[in-house]
Each structure stands twice: as structure tokens, then as C-alpha cells.
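The values are calculated or read from the model by the stated rules, or taken from the named source; none is laboratory data. Since this is a predicted model, take the numbers as computed values, not measurements. For neighbour counting, all protein chains shown are included, and Cβ atoms are generated from backbone atoms with ideal geometry for every residue, glycine included. Surface areas here come from the heavy atoms of the whole protein model, side chains and all, with no ligands, DNA or RNA. Shrake-Rupley method; radii C 1.70, N 1.55, O 1.52, S 1.80 Å.
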Amino acid sequence: MAEKQRFAILGFPLEHSRSPQIHQRAFKTFGMDAVYLKREIPPEKFEREISRLKEENWRGFNVTIPFKEKILPYLDEVHPVARKIGAVNTILVRDKRWIGFNTDWQGFLRPIESALSRFERCLILGAGGAARAVGFALLQKASALQELTVANRTLSRANALVDVLQANRKLQYRVLDLPSADQEHRTYDLIVNTTALGMGAMKTMRPLDLRGKCHEHTVVYDLIYNPAETVFLRQARMLGASAINGLPMLIFQAEEAFKIWTGQPFGEALVRELTETVGN
Ligand code: NAP
């Protein structure tokens, strides 16, 4: 009899991760004999735990905060796109070889596909792993993009991100700290929050005041999915902008990972079901 296929998410902390719920549901839908576990790894034990996991029988992993960048040297192969982004969120284990992929950038694009061709001026708030995937995605697919601003609390991190992006596509790039982005009177076609401001202990905070930043077709996209409507998105809605939260990205990055592991897309019915159940 074939052995049960084992998958897990690697991160710290993992208390609030929705990935097990998404993938267990998908395994059930497609009648797969598979389990999806949480492997919470204290950062100081990372190296030892990865060596241990490599000795065990796994089919794949998701990787989340704070290991998406740290995992790279431990992989046997890294997909060129993940290498370019500098972050891996999905691992396929084939013949004991760990192969790293990034599916965050594809997940990010799915809910804005129909609007992508009109984004000329974009603002990314934050400069961590998620911002790298968002920046890469926009450079790949936002064909009309002319100007990209990265605003982050730590300016050096925003500069480092823009250095990487600049090497991929020539555009006008701007780097700001968050207070300067807040004070500017300038409108954008797309504003993306990739900072942690708006979730957990920072639930009442937002990265900037959107007044004066939106026109009637601005899309405001917050990668946070819990709460479903952050303070930032509430303001976007009040201002009449289109507001998108992080739930579709979460589901679609999971679908891309599932396709890498099994070759199987989720399909519309499962996406609909996950949209209704995972956010709550
Ligand atoms: P990360 O690499 O740790 O980056 C965190 C970012 O948040 C950095 O830009 C950091 O600024 C900023 N930040 C943190 N605390 C801040 C504060 N008090 N004030 C101002 N800025 C602050 O994390 P990540 O992987 O990029 O993830 C970022 C967010 O995206 C998380 O909320 C995560 O849940 C979300 N995410 C969602 C999805 C999805 O599928 N929906 C996928 C990936 C990530 P500094 O550089 O100054 O520290």
C-alpha cells in the first residue's frame, strides 16, 4: 500500500496559520491520502531542525515568516523566479532533493489581473519578503508601470529592495520612509500594504493616511487577511477606492503550491468554499 504523503508548514510562530486548513481541505476534496502538519521551529534551532527533517520522509513544505529567505542555502535547487525574488515559500521534495519555489507573487496577482494593465503609478508599503514578491510581480506583469515607490520604516531595506528591482526593469523608482510617504500629496493607481501594521497587536494602526493618495480608480490592497478589513482598508472603502484584502492571495498562493506538489489546480468550487470558510 502506498505510504501517506506528508506535508508541513515551517515557520515561527504558526499559531494563526491557515495553510493546514486550506491544504487538508484540498486533500479531502481530491481524495488524497495525505496529511499537512505544522512544524513550528524556534529560529535558534532552525539549522538542526532542517537537518532532521531532511532525514525524514516528506513530500513538500510551505515556508513562512521568518524563514522564507533563510531557507535558501539549505535547498538542493531553487527555481529561477524564487532566486530572483530571494524568497521561497514552497518546497517540493523529489528523491530526497529539496526544490524551492515562490508562489506568493502569483497569488498576489490573481485578484488584480483585470486591472494590471492600467497601473502606471504604484506604491508598495514595506520592504520585507512579501514586498519583494509584490515588486517582482508588478515588474513582470504591470505592463504600463512607469513609476514605483517603495516606502518602509527602515529606509536601508527599501533601498536594498529597489536596487534589486532596478536590475530587472528600468522605471522611475522612489524610496521614502513611511512619514514622508504619509505627508506627500500624490495619487497612485495601486497602493499595497505589505507591512504588519493592521494585524495582531498593531490592529489599530495603518501604514499611512490614504487621504489625498487615491483617485476614483485607485486599488488599495492589504496583504493582511485577519482582520478581513484592516483600518487601512476601511479608510480605502470610505474614500471610494477598491479595497482588496490578503485572503485571495493566501488561497491562490496555496493553489500554486498545491499544483507544484500534485499537478492539480483547486478549481472554482474549492476556491469558493475556501473563500467562505478560511477567512472566518
Ligand atoms: P517581513 O519580511 O518580516 O517584513 C515585515 C514588514 O513590515 C517590513 O517592511 C517591516 O519594516 C514592516 N513592519 C513591521 N512592523 C512595523 C512597524 N511597527 N511599523 C512599521 N513597519 C513595520 O514579513 P513579510 O513576509 O514581508 O510579511 C509582511 C506581511 O504580509 C505580514 O502581515 C504577512 O502576514 C503578510 N503576507 C500575507 C500573505 C498572503 O498570502 N496574504 C503572504 C505573505 C505575507 P522594517 O523593514 O522597518 O522592519
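Scanning segment 179-194 for residues that are out of contact with any helix residue (DSSP H, G or I) (no Cβ under 7 Å at 6 or more places or on another chain) and open to solvent by 10 Å² or more (accessible area, probe 1.4 Å) returns Pro179, Ser180, Asp182, Gln183, Glu184, His185, Arg186, Thr187. Based on this model, can you work out whether Lys54 counts as out of contact with any Phe, Trp or Tyr (no Cβ under 6 Å at 6 or more places or on another chain), surrounded by fewer than 18 Cβ atoms within 10 Å (Cβ to Cβ) and in a loop (DSSP other than H, G, I, E, B)? The answer is no for Lys54. You will find that of Thr103, Thr64, the residue that is within 16 Å of the ligand (Cβ to nearest atom) and either basic (Lys, Arg) or farther than 20 Å from Thr195 by Cβ (or both) is Thr103 and no other.
The residues of segment 75-105 that are open to solvent by 10 Å² or more (accessible area, probe 1.4 Å), of a type outside the set (A, V, I, L, M) and over 30 Å from Asp177 (Cβ atoms), listed by number, are Asp76, Glu77, His79, Pro80, Arg94, Asp95, Lys96, Arg97, Phe101. Screening Leu155, Leu197 for residues that are modelled with pLDDT of 95 or more, open to solvent by less than 40 Å² (accessible area, probe 1.4 Å) and within 10 Å of the ligand (Cβ to nearest atom) leaves exactly one candidate, Leu197. Here the helices (runs of 4 or more DSSP H) wholly within segment 193-280 that include at least 2 residues being among the charged types (D, E, K, R) and out of contact with any strand residue (DSSP E or B) (no Cβ under 7 Å at 6 or more places or on another chain) are 247-262, 268-277. Restrict the check to segment 130-142 and report whether at least one residue is surrounded by 23 or more Cβ atoms within 10 Å (Cβ to Cβ), near the ligand (Cβ under 9 Å from one of its atoms) and part of a strand (DSSP E or B). For segment 130-142, residues surrounded by 23 or more Cβ atoms within 10 Å (Cβ to Cβ), near the ligand (Cβ under 9 Å from one of its atoms) and part of a strand (DSSP E or B): absent. With the condition kept exactly as written, say whether any residue in segment 160-178 is touching a Leu at 6+ places or on another chain (Cβ under 7 Å), among the polar types (S, T, N, Q) and open to solvent by 60 Å² or more (accessible area, probe 1.4 Å). Within segment 160-178, one or more residues are touching a Leu at 6+ places or on another chain (Cβ under 7 Å), among the polar types (S, T, N, Q) and open to solvent by 60 Å² or more (accessible area, probe 1.4 Å). Just to be sure, is Ile112 in the same structural domain as Val134 (by TED's automatic domain parsing), under 17 Å from Phe252 (Cβ atoms) and within 16 Å of the ligand (Cβ to nearest atom)? For Ile112, the condition - in the same structural domain as Val134 (by TED's automatic domain parsing), under 17 Å from Phe252 (Cβ atoms) and within 16 Å of the ligand (Cβ to nearest atom) - is met.
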